[in-house]
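A short write-up of the structure that comes next.
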Amino acid sequence: MSDLFRVPCVVMRGGTSRAVFIKENDLPADKTLRDQTILSIFGSPDVRQIDGIAGADPLTSKLAIIGPPSRPDADVDYTFGQVSITDAYIDYSGNCGNISSGVGPFAIDESMVRATEPVTMVRIHNTNTGKMLYAEVEVKDGKARVTGDCKIDGVPGTASPILMDFASTAGSSTGKLLPTGNVVDVIETSKGPIEVSMVDVSNPCVFVRASSVNMKGTETPAEINGDPELLALLEELRAKCCVIMGKAATVEEATKKSPAFPMIAFVTEAHDYVDFTSGNTIGKDKVDFVSRMMFMQVLHKTYPGTGTACTGAAAKIKGTIVNQVIPHIDSISTIRIGHPAGVLPVVADVQDGVVKKAAFQRTARRIMDGYAYVETAKIYGK
């Protein structure tokens, strides 16, 4: 056996994130060997991921494994992995909505799904949650379209729109839309009691008022990530909610073994704020409320896709903290989330505790494909 073996892979941007896409059959069947291979491809653990192809950022250290469907109502199986940068660990406990938007185009371009013009519906079984996602992908000449006029804040230029609907993912992780049965819970913290709303759509999320953590809610990534006291409090809250949701036995385990999910966000009413990527002011008339969502213990520079679906649903559940900060919520179906790099619309409809719609537009494109080379001795010891 040679010193190196190669694994076919594709690097794709999905929404405001980027991932390595690998076909299931191109990875070792043994899960331990599979994960060792993936870690080597990414260059983890290493803060620079210098010996792999990831980007030393949580938003670019993402994995999508695509395989044949394991259920009759799906076109493909999709497994998401958040590859740790600092530890030899891959978190498979939840999904990524941004990367989900790349699954449809990938499946079409790889001839895993028959292309039907002008729009192909790709039925995606997310194995992390056991739930179905539905992607409407524009198609031309047998391939997913790339060019178009859809603009995603946080992504340069425009591209062909991909409509992602996560309505069927309610209770994806905990089995309940409201994991505790309550629209608001009080969590005891080192800084005193804090009200939160726990909602589970696509991925479980924890929502808290910005004022409850002594923030305005319009802060930039640098301000938030440069505040160790705030980061510690948010992780304390997130970890305690993780235990309450049954995703970890202790707060220590929540931080170590489930660092990505649930996600936590702090929200506030609509305000003027500055887009940190352009320096332009976003007026409060352009958003319905403002949110900052954390991911892997740092601020997401835009807004997570699964977090978008969950936030939209939370806005439509009467009494949640998100619902409380949007005075006109009953009169709108498209909710405009003000995030650090712009505005993200999400269409949401929740009736009698059932999520009827949780959809938003993303864009995606293939950046490169080829082979990643892995050291044989690191995986097989030969």
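Any read-out appearing in this document is the output of simple, stated calculations on the displayed coordinates, not a laboratory observation. From a predicted model like this one, the values you see are computed outputs, not experimental measurements. A quick note on method: Cβ atoms are made from the backbone with ideal geometry, for glycine too, and the neighbour counts reach across all protein chains shown.
Structure notes:
- Stretched out straight at 0.36 nm per residue, the stretch from residue 243 to residue 51 would grow longer than its current Cα-Cα span by 65.6 nm.
- For the chain, the longest principal axis of the Cα atoms and the long axis of helix 228-244 meet at an angle of about 80 degrees.
- Between the beta carbons of residue 231 and residue 343, assuming R0 = 35 Å, the FRET efficiency works out to 0.90 to the nearest 0.05.
- Net charge of Cβ neighbours under 10 Å - reference residue 316; Lys, Arg +1; Asp, Glu -1: +1
- Using only side-chain charges placed at the Cβ, +1 for Lys and Arg and -1 for Asp and Glu, the dipole size of region 185-358 relative to its Cα centre rounds to 360 debye.
- Evaluated over the chain, the Cα radius of gyration and Dmax, each in Å: 20.0, 65
- The convex hull around the C-alpha trace of region 153-207, projected and averaged over every direction, spans 6.0 square nanometres.
- Near-label residues of region 224-264 by backbone N, under 11 Å of a point 7 Å along Cα→Cβ of residue 86: 256
- Prolate/oblate/rounded label for region 185-358 (Cα gyration tensor, a/c 1.5): oblate
- Sequence of 328, 125, 300 once ranked by neighbouring C-beta atoms within 10 Å, starting from the fewest: 328, 125, 300
- Amide H contacts under 5 Å for residue 140, placed H, 5+ residues apart: 145
- Residues 180, 37, sorted so that the one with the fewest Cβ neighbours within 10 Å comes first: 180, 37
- Prolate/oblate/rounded label for region 21-164 (Cα gyration tensor, a/c 1.5): oblate
- For the chain, the longest principal axis of the Cα atoms and the long axis of helix 305-315 meet at an angle of about 30 degrees.
- 3J(HN,Hα) from dihedral phi, region 161-170, Karplus parametrisation 6.51/-1.76/1.60, rounded to Hz, x for glycine, proline: x, 10, 8, 10, 10, 10, 4, 7, 9, 4
- Computed P(r) (all Cα pairs; region 109-178; 10 Å bins; percent): 19, 37, 32, 12, 0
- Computed on the chain, with alpha-carbon pairs under 8 angstrom and 6+ residues apart, the relative contact order is 19 percent.
- Counting neighbouring Cβ atoms within 10 Å and putting the fewest first, the residues 178, 133, 299 line up as 178, 299, 133.
- Taking a sphere under 10 Å around the Cβ of residue 99 and counting the other residues whose Cβ falls inside, with K and R at +1 and D and E at -1, yields a net charge of +4.
- Shape analysis of region 159-285 places it in the oblate category; the axes a ≥ b ≥ c from the Cα gyration tensor give an a/c of at least 1.5, with a/b not above b/c.
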